[in-house]
1. Please report the carbon-and-sulfur percent of the accessible area for the chain; probe 1.4 Å, protein heavy atoms only, DNA, RNA and ligands left out.
2. For the full complex of protein chains and a 1.4 angstrom probe, list E61, E28 by accessible area with the highest value first.
3. Calculate how steeply helix 26-41 sits against the longest principal axis of the alpha-carbon atoms of the chain, using the helix alpha-carbon long axis, and give the answer as 0 to 90 degrees to the nearest 10.
4. Using Kirkwood radius over Cα pairs in Å as the read-out, say which of [x] 13.4; [y] 12.6; [z] 14.9 was calculated from these coordinates.
5. To the nearest 0.05, how large is the calculated FRET efficiency for F49 and K16 if R₀ is 25 Å and r is the Cβ-Cβ distance?
6. Note down the relative contact order for the chain as a percent, whole number, built from C-alpha pairs under 8 angstrom at least six residues apart.
7. Excluding A23 itself, what net charge comes from residues whose Cβ is under 10 Å from its Cβ, given Lys and Arg +1 and Asp and Glu -1?
8. With charges set only on the Cβ (+1 for Lys and Arg, -1 for Asp and Glu), what does the dipole of the chain come to about its Cα centre, in debye to the nearest 20?
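The values are calculated or read from the model by the stated rules, or taken from the named source; none is laboratory data. Since we're looking at a predicted model, the values are computed, not measured. We place every Cβ from the backbone using ideal geometry, glycine too, and count neighbours over all the protein chains shown. Accessible surface is based on the protein model in full, side chains and every heavy atom, while ligands, DNA and RNA are left aside. Shrake-Rupley method; radii C 1.70, N 1.55, O 1.52, S 1.80 Å.
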Amino acid sequence: MGRKFIDCREFPSEMKCTVAISADSMDELVNAAVQHAITVHGHQDTPEFRSEITKVIHEMEPSRSVA
């Protein structure tokens with residue numbers, strides 16, 4: 001399985017947030033994205049919101065070299 005990411009630039013907002021978050025596991029990424037959404041964007045942590053976050057996660061292409 002590849003690395004996963006979510007990018008705030010895909011969601012227009014008044015803030016014009018440019019944060020992108022990546023992780024190896026879906027759970028880790030969803031938790032980080034939800035914390036960002038709560039802290040920065042004022043969202044509520046609900047099962048429905050977590051489901052919506054999961055729908056917009058992308059697979060990253062494997063990098064050629066990892067340091």
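1. Working: 2780 of 5130 Å².
Heavy-atom surface of the chain belonging to carbon and sulfur, 1.4 Å probe: 54 percent.
2. E61, E28
3. On a 0 to 90 degree scale, this one is about 40.
4. Only one option fits the structure, namely [y].
5. Numbers: r = 21 Å, r/R0 = 0.84.
It comes out at approximately 0.75.
6. That works out to 39 percent.
7. Details: positive: R3, K4; negative: D24, D27, E28.
Once positives and negatives cancel, what remains is -1.
8. 200 debye
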